[in-house]
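The values are calculated or read from the model by the stated rules, or taken from the named source; none is laboratory data. This is a predicted model, so every value here is computed, not measured. Using ideal geometry, Cβ is built from the backbone for each residue, glycine included, and neighbour counts are taken over all protein chains shown.
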Amino acid sequence: MDVDLVWRHIDEQRESLADLVASFTPEQWTTPSLCDGWQVGDVAAHLTLAQVGPLWAAVEMLRARGSFNRMIRDTALRAAGQEPAVYADRLRAMVGSRRKAPGVSRLEPLTDALVHGQDMAVPLGIDRPVPADAAATCAQRCYDMGFPFGARRRLRGLRLVATDTDWSVGEGRVVEGPVRALLLLVAGRTTAALPALTGPGAPAIQR
């Protein structure tokens, strides 16, 4: 995907996420998200950390004793605890900037925006559409990455086929569904993705 188009999608998602976050009630804010151990408010806090610098990242990695997953979890939980409007304002302030965290490509902030938007919306019963071209690009990125998703290993023997855009990946029994659901699947949100998936390979997917 063209560089400018990626950043345009990121900006649009951040604007939309800011509106979503600003709308949350206190009950919604504390609802468990699709991220294990995170409430909806924790996910919102994590999204505002997408532009941290290398020194901050290095210090936090040391605090997490070298564990990337622990660093992501701990920084989100430490950043959480304020009112939704605070995080909505922070997301809007990021719009237009191409700054990103060290060591990631421009596709990671786009993937974060798309997937974490679903992490908040799905448990709340909110339908949050995603742009199909962006979702397909990010699904491919997640599938190609070994860490942290392990999608090739988890989905070995399956061919994923989007029913709403021209995207497919893998070999074997077919699993079909909207690209939004396939993105959640390759990103490890299997339980949330399964209801929208069909095909002979769908029963083989492990929750």
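The helices (runs of 4 or more DSSP H) found wholly in the range 1-53 and carrying at least 1 residues that are within 21 Å of R106 (Cβ to Cβ) occupy 3-23, 40-47.
Every condition in (1) among the basic types (K, R); (2) surrounded by 15 or more Cβ atoms within 10 Å (Cβ to Cβ); (3) modelled with pLDDT under 95 holds for R14 except the one numbered (3). The number of residues in the range 51-67 that are touching a residue at least 24 places away in the same chain (Cβ under 8 Å) and surrounded by 12 or more Cβ atoms within 10 Å (Cβ to Cβ) comes to 3.
Suppose we keep only residues that are among the small types (G, A, S) and buried (at least 21 other Cβ atoms within 10 Å of the Cβ) within the range 162-207. Which one would you say is farthest from P123 (Cα to Cα)?
Per the stated criteria, the residue is A162.
Within the range 79-130, the residues that satisfy the criterion of being charged (D, E, K, R) and in a loop (DSSP other than H, G, I, E, B) are E83, R98, R99, K100, R106, D127, R128. Checked against (1) under 9 Å from M120 (Cβ atoms); (2) in contact with a Leu (Cβ under 8 Å, 6 or more places away or on another chain); (3) crowded, with 22+ Cβ neighbours inside 10 Å, T31 passes all but a single condition, namely (3).
Output the residues belonging to the range 161-207 that are under 13 Å from C138 (Cβ atoms) and part of a strand (DSSP E or B). Answer for the range 161-207, where residues must be under 13 Å from C138 (Cβ atoms) and part of a strand (DSSP E or B): A162, V169.
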